[in-house]
Amino acid sequence: MELSFRWYGEKDQITLQQIAQIPGMVGVVGALFDIPAGVLWPRERLADLVQQIEAVGLRLNVVESLPVHEDIKLGRPNRDELIETYRQNIARLGEVGVDVICYNFMPLFDWFRTDLAFDLPDGSNALLYDHSQLDNSLDPWEAELPAYFPLDESPDDLKEAYRNTTEADLWDNLKYFLDGVCETAEDANVKMALHPDDPPWSIFGLPRIITDEAALDKVLEINTSPANGLTFCTGSLGAKQDNDLPAMIRKFGDRIYFAHCRNIRHTGDKVFHEVAHPPQYGHVDMVEVLKAYADIGFTGALRPDHGRMIWGEEGIPGYGLYDRALGANYLLGVWDGLTN
Ligand code: DNO
(Lines give C-alpha, C1' and ligand atoms only; values in the text may rest on other atoms or scores of the structure.)
Protein backbone atom coordinates (compact mmCIF):
# COMPACT_ATOMS: atom_id res chain seq x y z
CA MET A 1 0.00 0.00 0.00
CA GLU A 2 1.03 3.59 -0.52
CA LEU A 3 0.61 5.64 2.63
CA SER A 4 -1.01 8.92 1.60
CA PHE A 5 -2.29 12.14 3.12
CA ARG A 6 -4.92 14.60 2.01
CA TRP A 7 -3.75 18.16 1.40
CA TYR A 8 -6.00 21.15 0.66
CA GLY A 9 -3.44 23.26 -1.16
CA GLU A 10 -3.27 27.00 -0.58
CA LYS A 11 -6.12 27.02 1.94
CA ASP A 12 -4.51 24.31 4.08
CA GLN A 13 -2.80 25.41 7.30
CA ILE A 14 -0.63 22.31 6.94
CA THR A 15 2.43 22.49 4.72
CA LEU A 16 3.68 19.84 2.32
CA GLN A 17 6.94 19.85 4.26
CA GLN A 18 5.07 18.83 7.42
CA ILE A 19 3.36 16.03 5.52
CA ALA A 20 6.70 14.85 4.15
CA GLN A 21 8.01 14.60 7.72
CA ILE A 22 5.42 11.97 8.68
CA PRO A 23 7.29 8.65 8.67
CA GLY A 24 6.45 6.37 5.76
CA MET A 25 4.52 9.00 3.79
CA VAL A 26 4.53 8.48 0.02
CA GLY A 27 1.49 10.06 -1.62
CA VAL A 28 -0.40 13.33 -1.53
CA VAL A 29 -4.12 13.33 -2.23
CA GLY A 30 -4.99 16.69 -3.77
CA ALA A 31 -7.27 18.65 -6.06
CA LEU A 32 -7.84 22.14 -7.43
CA PHE A 33 -10.44 23.08 -4.85
CA ASP A 34 -11.38 26.51 -6.17
CA ILE A 35 -12.53 25.24 -9.58
CA PRO A 36 -16.26 24.49 -9.81
CA ALA A 37 -17.44 21.16 -11.20
CA GLY A 38 -17.73 21.15 -14.98
CA VAL A 39 -14.72 23.38 -15.66
CA LEU A 40 -11.49 22.28 -17.32
CA TRP A 41 -8.50 22.13 -14.96
CA PRO A 42 -5.70 24.30 -16.40
CA ARG A 43 -2.59 22.29 -17.29
CA GLU A 44 -0.30 24.91 -15.69
CA ARG A 45 -2.12 24.68 -12.36
CA LEU A 46 -1.82 20.91 -12.40
CA ALA A 47 1.85 21.01 -13.32
CA ASP A 48 2.43 23.48 -10.49
CA LEU A 49 0.63 21.22 -7.98
CA VAL A 50 2.68 18.21 -9.08
CA GLN A 51 5.90 20.19 -8.90
CA GLN A 52 5.18 21.49 -5.36
CA ILE A 53 4.49 17.95 -4.16
CA GLU A 54 7.50 16.43 -5.85
CA ALA A 55 9.73 19.16 -4.41
CA VAL A 56 9.22 17.60 -0.95
CA GLY A 57 9.81 14.07 -2.21
CA LEU A 58 6.15 13.00 -2.41
CA ARG A 59 3.85 12.17 -5.34
CA LEU A 60 0.35 13.29 -6.37
CA ASN A 61 -1.04 9.75 -6.60
CA VAL A 62 -4.75 10.51 -6.11
CA VAL A 63 -7.05 13.38 -7.02
CA GLU A 64 -9.91 13.72 -4.54
CA SER A 65 -12.19 14.94 -5.85
CA LEU A 66 -12.73 15.60 -9.48
CA PRO A 67 -16.29 16.70 -8.74
CA VAL A 68 -19.23 15.53 -10.83
CA HIS A 69 -21.47 18.42 -11.88
CA GLU A 70 -24.97 18.37 -10.37
CA ASP A 71 -26.47 18.43 -13.88
CA ILE A 72 -24.85 15.04 -14.56
CA LYS A 73 -26.32 13.64 -11.34
CA LEU A 74 -29.67 15.17 -12.27
CA GLY A 75 -29.51 13.84 -15.82
CA ARG A 76 -30.16 17.29 -17.30
CA PRO A 77 -29.85 17.76 -21.08
CA ASN A 78 -26.46 19.53 -20.93
CA ARG A 79 -24.82 16.53 -19.28
CA ASP A 80 -23.08 15.37 -22.46
CA GLU A 81 -21.05 18.56 -22.63
CA LEU A 82 -20.16 18.26 -18.95
CA ILE A 83 -19.16 14.63 -19.36
CA GLU A 84 -16.92 15.66 -22.25
CA THR A 85 -15.17 18.17 -19.96
CA TYR A 86 -14.85 15.46 -17.32
CA ARG A 87 -13.20 13.20 -19.90
CA GLN A 88 -10.73 15.93 -20.80
CA ASN A 89 -9.89 16.38 -17.13
CA ILE A 90 -9.32 12.64 -16.73
CA ALA A 91 -6.90 12.73 -19.67
CA ARG A 92 -5.06 15.70 -18.16
CA LEU A 93 -4.74 13.94 -14.81
CA GLY A 94 -3.42 10.85 -16.56
CA GLU A 95 -0.81 13.00 -18.30
CA VAL A 96 0.61 14.21 -14.97
CA GLY A 97 0.79 10.68 -13.56
CA VAL A 98 -2.25 10.55 -11.27
CA ASP A 99 -3.27 6.92 -10.65
CA VAL A 100 -6.72 7.35 -9.15
CA ILE A 101 -9.61 9.82 -9.32
CA CYS A 102 -11.87 9.75 -6.28
CA TYR A 103 -15.34 11.17 -6.86
CA ASN A 104 -18.82 10.80 -5.40
CA PHE A 105 -22.38 10.74 -6.66
CA MET A 106 -24.15 12.34 -3.70
CA PRO A 107 -26.86 14.84 -4.66
CA LEU A 108 -25.75 18.34 -3.67
CA PHE A 109 -24.28 17.57 -0.24
CA ASP A 110 -20.91 15.90 0.27
CA TRP A 111 -20.04 14.61 3.75
CA PHE A 112 -22.30 16.13 6.37
CA ARG A 113 -22.07 16.58 10.13
CA THR A 114 -24.27 18.37 12.64
CA ASP A 115 -21.38 19.38 14.96
CA LEU A 116 -17.89 20.18 13.72
CA ALA A 117 -16.28 20.35 17.17
CA PHE A 118 -17.93 17.89 19.53
CA ASP A 119 -16.01 17.74 22.82
CA LEU A 120 -14.59 14.36 23.75
CA PRO A 121 -13.80 13.48 27.38
CA ASP A 122 -10.02 13.70 26.82
CA GLY A 123 -10.22 17.38 25.85
CA SER A 124 -9.99 16.81 22.10
CA ASN A 125 -12.89 17.39 19.71
CA ALA A 126 -14.24 15.64 16.66
CA LEU A 127 -16.96 15.71 14.01
CA LEU A 128 -20.39 14.45 15.08
CA TYR A 129 -23.50 13.47 13.16
CA ASP A 130 -26.90 13.35 14.86
CA HIS A 131 -29.77 12.76 12.45
CA SER A 132 -32.29 14.41 14.80
CA GLN A 133 -30.30 17.68 14.63
CA LEU A 134 -30.17 17.87 10.85
CA ASP A 135 -32.56 20.80 10.54
CA ASN A 136 -30.69 22.91 13.08
CA SER A 137 -27.34 22.38 11.47
CA LEU A 138 -24.92 24.48 9.52
CA ASP A 139 -24.81 25.51 5.91
CA PRO A 140 -21.77 23.67 4.53
CA TRP A 141 -21.08 26.35 1.90
CA GLU A 142 -21.19 29.13 4.48
CA ALA A 143 -19.05 27.06 6.84
CA GLU A 144 -16.70 26.48 3.88
CA LEU A 145 -16.47 22.77 4.52
CA PRO A 146 -13.47 21.59 2.56
CA ALA A 147 -15.15 18.92 0.44
CA TYR A 148 -17.60 21.42 -1.02
CA PHE A 149 -16.67 22.84 -4.40
CA PRO A 150 -18.19 26.16 -5.51
CA LEU A 151 -21.66 25.78 -7.08
CA ASP A 152 -22.97 27.57 -10.16
CA GLU A 153 -26.59 27.38 -8.99
CA SER A 154 -28.07 28.10 -5.56
CA PRO A 155 -28.37 25.16 -3.13
CA ASP A 156 -32.10 25.90 -2.76
CA ASP A 157 -32.72 25.71 -6.50
CA LEU A 158 -30.74 22.49 -6.67
CA LYS A 159 -32.66 20.98 -3.76
CA GLU A 160 -35.82 21.80 -5.65
CA ALA A 161 -34.46 20.27 -8.85
CA TYR A 162 -33.73 17.03 -6.99
CA ARG A 163 -37.26 16.78 -5.54
CA ASN A 164 -38.44 14.50 -8.33
CA THR A 165 -35.21 12.54 -8.67
CA THR A 166 -35.64 8.99 -7.42
CA GLU A 167 -32.97 6.49 -6.43
CA ALA A 168 -33.63 4.69 -9.71
CA ASP A 169 -32.97 7.94 -11.61
CA LEU A 170 -29.70 8.41 -9.76
CA TRP A 171 -28.61 4.88 -10.69
CA ASP A 172 -29.46 5.56 -14.35
CA ASN A 173 -27.53 8.80 -14.24
CA LEU A 174 -24.53 7.14 -12.57
CA LYS A 175 -24.50 4.48 -15.29
CA TYR A 176 -24.73 7.12 -18.00
CA PHE A 177 -21.79 8.96 -16.41
CA LEU A 178 -19.65 5.81 -16.08
CA ASP A 179 -20.45 4.75 -19.63
CA GLY A 180 -19.30 8.20 -20.70
CA VAL A 181 -15.99 8.33 -18.84
CA CYS A 182 -14.59 4.84 -18.27
CA GLU A 183 -13.08 4.29 -21.69
CA THR A 184 -11.18 7.57 -21.42
CA ALA A 185 -9.98 6.54 -17.97
CA GLU A 186 -8.75 3.21 -19.36
CA ASP A 187 -6.86 5.02 -22.12
CA ALA A 188 -5.40 7.49 -19.63
CA ASN A 189 -4.39 4.69 -17.26
CA VAL A 190 -6.42 6.25 -14.47
CA LYS A 191 -8.80 4.41 -12.14
CA MET A 192 -12.15 5.90 -11.18
CA ALA A 193 -12.86 5.28 -7.48
CA LEU A 194 -16.41 6.06 -6.35
CA HIS A 195 -16.64 7.27 -2.74
CA PRO A 196 -19.59 5.96 -0.70
CA ASP A 197 -22.18 8.39 0.61
CA ASP A 198 -21.45 9.94 3.97
CA PRO A 199 -23.62 9.38 5.93
CA PRO A 200 -24.96 6.43 3.93
CA TRP A 201 -28.64 7.39 4.00
CA SER A 202 -30.89 10.08 2.63
CA ILE A 203 -30.50 13.57 4.11
CA PHE A 204 -32.75 16.60 3.59
CA GLY A 205 -35.08 14.40 1.54
CA LEU A 206 -32.47 13.85 -1.19
CA PRO A 207 -31.76 10.33 -2.39
CA ARG A 208 -28.44 8.64 -1.60
CA ILE A 209 -27.57 5.31 -3.19
CA ILE A 210 -23.96 4.32 -2.42
CA THR A 211 -24.60 2.95 1.03
CA ASP A 212 -23.89 -0.78 1.38
CA GLU A 213 -22.57 -4.01 -0.12
CA ALA A 214 -25.49 -4.44 -2.52
CA ALA A 215 -24.92 -0.92 -3.84
CA LEU A 216 -21.20 -1.52 -4.38
CA ASP A 217 -22.07 -4.75 -6.22
CA LYS A 218 -24.39 -2.78 -8.43
CA VAL A 219 -21.79 -0.08 -9.16
CA LEU A 220 -19.44 -2.71 -10.52
CA GLU A 221 -22.25 -4.40 -12.46
CA ILE A 222 -23.62 -1.37 -14.28
CA ASN A 223 -20.29 -0.76 -15.98
CA THR A 224 -17.75 -3.55 -16.25
CA SER A 225 -14.73 -1.49 -17.31
CA PRO A 226 -11.64 -2.20 -15.20
CA ALA A 227 -11.39 1.57 -14.76
CA ASN A 228 -14.63 1.51 -12.76
CA GLY A 229 -13.83 0.88 -9.10
CA LEU A 230 -14.27 1.95 -5.52
CA THR A 231 -12.98 4.16 -2.78
CA PHE A 232 -13.57 2.06 0.31
CA CYS A 233 -14.25 4.44 3.19
CA THR A 234 -14.58 2.66 6.54
CA GLY A 235 -16.06 5.73 8.20
CA SER A 236 -18.82 6.25 5.64
CA LEU A 237 -19.76 2.59 5.21
CA GLY A 238 -19.20 1.92 8.91
CA ALA A 239 -21.95 4.40 9.79
CA LYS A 240 -24.35 1.64 8.76
CA GLN A 241 -23.73 -0.92 11.43
CA ASP A 242 -24.71 -3.95 9.39
CA ASN A 243 -21.96 -3.29 6.82
CA ASP A 244 -19.32 -5.96 7.51
CA LEU A 245 -16.25 -3.95 6.48
CA PRO A 246 -13.51 -6.64 6.43
CA ALA A 247 -15.82 -9.03 4.53
CA MET A 248 -16.61 -6.29 2.00
CA ILE A 249 -12.90 -5.54 1.49
CA ARG A 250 -12.22 -9.22 0.82
CA LYS A 251 -15.18 -9.37 -1.54
CA PHE A 252 -14.44 -6.27 -3.60
CA GLY A 253 -10.69 -6.98 -3.51
CA ASP A 254 -8.88 -5.67 -6.55
CA ARG A 255 -11.72 -3.30 -7.46
CA ILE A 256 -10.85 -1.16 -4.44
CA TYR A 257 -8.56 1.50 -5.83
CA PHE A 258 -8.33 3.80 -2.82
CA ALA A 259 -8.64 3.15 0.92
CA HIS A 260 -9.93 5.67 3.47
CA CYS A 261 -9.31 4.51 7.03
CA ARG A 262 -11.42 6.25 9.65
CA ASN A 263 -12.85 5.09 12.95
CA ILE A 264 -16.24 6.15 14.27
CA ARG A 265 -18.17 5.52 17.46
CA HIS A 266 -21.93 4.98 17.44
CA THR A 267 -23.82 6.49 20.35
CA GLY A 268 -27.40 6.13 19.12
CA ASP A 269 -29.54 5.44 16.10
CA LYS A 270 -27.96 7.51 13.30
CA VAL A 271 -25.77 9.25 15.85
CA PHE A 272 -22.00 8.84 15.63
CA HIS A 273 -18.82 10.77 16.11
CA GLU A 274 -15.29 10.32 14.90
CA VAL A 275 -12.52 8.98 17.08
CA ALA A 276 -8.82 8.07 16.94
CA HIS A 277 -7.90 5.35 14.43
CA PRO A 278 -7.13 2.38 16.78
CA PRO A 279 -10.06 -0.02 17.28
CA GLN A 280 -10.52 0.42 21.03
CA TYR A 281 -11.94 3.93 20.53
CA GLY A 282 -14.81 3.15 18.19
CA HIS A 283 -16.75 0.57 16.24
CA VAL A 284 -14.45 0.16 13.24
CA ASP A 285 -12.02 -2.66 13.91
CA MET A 286 -9.06 -1.15 12.10
CA VAL A 287 -6.84 -4.18 12.70
CA GLU A 288 -9.40 -6.43 10.99
CA VAL A 289 -9.74 -3.88 8.19
CA LEU A 290 -5.97 -3.91 7.63
CA LYS A 291 -5.87 -7.70 7.81
CA ALA A 292 -8.42 -7.77 5.01
CA TYR A 293 -6.30 -5.35 2.94
CA ALA A 294 -3.23 -7.49 3.60
CA ASP A 295 -5.17 -10.59 2.50
CA ILE A 296 -6.14 -9.03 -0.83
CA GLY A 297 -2.55 -7.85 -1.38
CA PHE A 298 -3.65 -4.20 -1.53
CA THR A 299 -1.11 -2.02 -3.35
CA GLY A 300 -3.13 1.19 -3.76
CA ALA A 301 -3.17 4.50 -1.89
CA LEU A 302 -4.39 4.32 1.70
CA ARG A 303 -4.91 7.38 3.83
CA PRO A 304 -5.91 8.21 7.37
CA ASP A 305 -9.25 9.96 7.16
CA HIS A 306 -10.90 12.50 9.44
CA GLY A 307 -8.99 12.99 12.67
CA ARG A 308 -9.82 14.67 15.94
CA MET A 309 -8.43 18.07 16.85
CA ILE A 310 -5.84 17.41 19.55
CA TRP A 311 -3.10 19.32 21.37
CA GLY A 312 -5.01 22.56 20.88
CA GLU A 313 -4.80 22.45 17.09
CA GLU A 314 -7.29 24.47 15.06
CA GLY A 315 -7.92 24.18 11.35
CA ILE A 316 -10.04 22.57 8.67
CA PRO A 317 -12.65 20.41 10.44
CA GLY A 318 -11.58 16.77 10.35
CA TYR A 319 -8.29 17.62 8.68
CA GLY A 320 -5.81 18.67 11.34
CA LEU A 321 -2.22 17.49 11.19
CA TYR A 322 -1.59 15.83 14.54
CA ASP A 323 -4.29 13.21 14.86
CA ARG A 324 -4.07 12.25 11.21
CA ALA A 325 -0.29 11.91 11.49
CA LEU A 326 -0.76 9.66 14.52
CA GLY A 327 -3.39 7.74 12.55
CA ALA A 328 -1.03 7.36 9.59
CA ASN A 329 1.63 5.86 11.79
CA TYR A 330 -0.80 3.58 13.56
CA LEU A 331 -1.94 2.29 10.15
CA LEU A 332 1.64 1.88 8.95
CA GLY A 333 2.68 0.06 12.12
CA VAL A 334 -0.17 -2.43 11.93
CA TRP A 335 0.43 -2.88 8.21
CA ASP A 336 4.14 -3.57 8.67
CA GLY A 337 3.32 -6.07 11.40
CA LEU A 338 0.93 -7.87 9.06
CA THR A 339 2.95 -7.83 5.90
CA ASN A 340 6.63 -8.21 6.85
C1 DNO B 1 -14.52 13.42 3.41
C2 DNO B 1 -14.16 12.87 2.12
C3 DNO B 1 -15.20 13.15 1.07
C4 DNO B 1 -14.67 12.80 -0.29
C5 DNO B 1 -15.61 13.03 -1.42
C6 DNO B 1 -15.13 12.31 -2.65
O7 DNO B 1 -13.71 13.85 4.11
O8 DNO B 1 -13.82 11.55 2.22
O9 DNO B 1 -15.51 14.48 1.11
O10 DNO B 1 -13.56 13.59 -0.56
O11 DNO B 1 -16.88 12.66 -1.13
O12 DNO B 1 -15.74 12.83 -3.74
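The values are calculated or read from the model by the stated rules, or taken from the named source; none is laboratory data. Predicted model only: the values in this text are computed from it and were never measured. Positions of Cβ are backbone-derived with ideal geometry, glycine not excepted, and every protein chain shown enters the neighbour counts.
Details
- Restricting attention to the range 1-18, the residues being of a type outside the set (D, E, K, R), closer than 24 Å to Phe232 by Cα and buried (at least 20 other Cβ atoms within 10 Å of the Cβ) number 4.
- Qualifying residue in the range 50-63 (condition: modelled with pLDDT of 95 or more, within 26 Å of Lys270 (Cα to Cα) and within 16 Å of the ligand (Cβ to nearest atom)): no
- Residue match in the range 143-157 (condition: more than 16 Å from the ligand (Cβ to nearest atom) and not charged (D, E, K, R)): yes
- Considering only residues in the range 290-315 that are within 17 Å of the chain's Cα centre (by Cα) and among the hydrophobic types (A, V, I, L, M, F, W, C), the one that is surrounded by the fewest Cβ atoms within 10 Å (Cβ to Cβ) turns out to be Leu302.
- Within the range 72-87, being assigned to a helix (DSSP H, G or I) and of a type outside the set (S, T, N, Q) holds for Ile72, Lys73, Leu74, Arg79, Asp80, Glu81, Leu82, Ile83, Glu84, Tyr86, Arg87.
- Qualifying residues in the range 127-142 (those that are within 16 Å of the ligand (Cβ to nearest atom) and either over 19 Å from the mean Cα position of the chain (by Cα) or crowded, with 18+ Cβ neighbours inside 10 Å (or both)) - the one farthest from Ala227 (Cα to Cα): Leu138
- The residues of the range 96-126 include none that are charged (D, E, K, R), surrounded by fewer than 18 Cβ atoms within 10 Å (Cβ to Cβ) and touching a Lys or Arg at 6+ places or on another chain (Cβ under 8 Å).
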